[in-house]
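These notes are about the structure you will find just below.
The values are calculated or read from the model by the stated rules, or taken from the named source; none is laboratory data. What you see is a predicted model, and the numbers here were worked out from it, not measured in a lab. Neighbour counts run over all protein chains shown; Cβ positions are idealised from the backbone, glycine included. Remember, those area values only see protein heavy atoms, side chains included, never the ligands or the DNA or RNA. Shrake-Rupley method; radii C 1.70, N 1.55, O 1.52, S 1.80 Å.
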Amino acid sequence: MQGIFITMEGPDGAGKTTQIELLKDYLNKKGYDVLITRDPGGNAVSEAIREVILNKDFTEMGYMTELLLYAAARAQLVKENIKPALSAGKAVIADRFVDSSAVYQGIGRGLGIDTVYKVNEFALQGILPDMTFLMDLDAEVGIARKKNQAELDRMEQESLDFHKKVVEGYRSLAEMNPDRIVKVDAALPKEAIHDIITSYIEKWLARP
Ligand SMILES: Nc1ncnc2c1ncn2[C@@H]1O[C@H](COP(=O)(O)OP(=O)(O)OP(=O)(O)O)[C@@H](O)[C@H]1O
Ligand SMILES: [Mg+2]
């Protein structure tokens, strides 16, 4: 079985984790071993870097540092988890990946999308998603969905304006990559979203 690499993107509270759980069952039923990863994180080194990135006390963290830490965590995730899983023919579902950096650091922080992809090219070691699903949801709705969460991390506590830039950034990214990024209306019921996602995967699997 050939490996398949799917990434799930979208703003906070858009329903990425919800869809990943549904997708895991679906891919299991198709006969895939499934690896779910989160970015930043997924192994001891990357989880340690995650702690640094999301630490609310580090208000002085520069945007370049933030970008490089995300890329460093991702490099380890690719090397230790994603590459071996794909080589073993597994389905990898990533809860956020390089597009998150393009949008949060490239657009939200204003470092530029090109800079972000250039830095990450080194970290990704040739690994790119086969398919990316963008859970598209207005920033206010996503934030409202998360309002019961006890504590917000360094990125989540950014302003509404920042989160609006992120949402717009994702939308432009999807327009720039129509062959890879599938934009899904994340305000639909979760079962309807799941059906949209699986219909794209069926098409991908049936491609010549
Ligand atoms: N389609 C949906 N319609 C309404 N509510 C939803 C939908 N999908 C998920 N939710 C709810 O929204 C909240 C956030 O969902 P979820 O944790 O899956 O989002 P997320 O994108 O993973 O968020 P985060 O960025 O915090 O990881 C949860 O309470 C979940 O039950
Ligand atoms: Mg989540």
Quiz item: In the stretch 17-32, what count of residues is obtained for those that are within 10 Å of ligand 1 (Cβ to nearest atom) and among the aliphatic types (A, V, I, L, M)?
Solution: 2
Quiz item: What are the pairs, 6+ residues apart or on separate chains, where a residue within the stretch 179-208 that is over 24 Å from G13 (Cβ atoms) has its Cβ under 8 Å from a residue that is open to solvent by 80 Å² or more (accessible area, probe 1.4 Å) and part of a helix (DSSP H, G or I)?
Solution: none
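Yes/no per residue for (1) more than 24 Å from E21 (Cβ to Cβ); (2) among the polar types (S, T, N, Q); (3) in a helix (DSSP H, G or I):
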residue	(1), (2), (3)
T115	yes, yes, yes
A123	yes, no, yes
V141	no, no, yes
K147	no, no, no
L152	no, no, no
E156	no, no, no
G169	yes, no, yes
L173	yes, no, yes
I197	no, no, yes
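It is to be established whether one or more residues within the stretch 41-51 are closer than 27 Å to D179 by Cβ and within 15 Å of ligand 1 (Cβ to nearest atom).
yes
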Self-check item: Among the candidates V92, V78, residue that is touching a Gly at 6+ places or on another chain (Cβ under 8 Å), buried (at least 21 other Cβ atoms within 10 Å of the Cβ) and not polar (S, T, N, Q)
Solution: V92
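Yes/no matrix, rows are residues, columns are (1) β-branched (V, I, T); (2) farther than 20 Å from I49 by Cα; (3) within 14 Å of the chain's Cα centre (by Cα):
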| site | (1), (2), (3) |
| --- | --- |
| K79 | no, no, no |
| S100 | no, no, yes |
| R109 | no, no, no |
| V119 | yes, no, no |
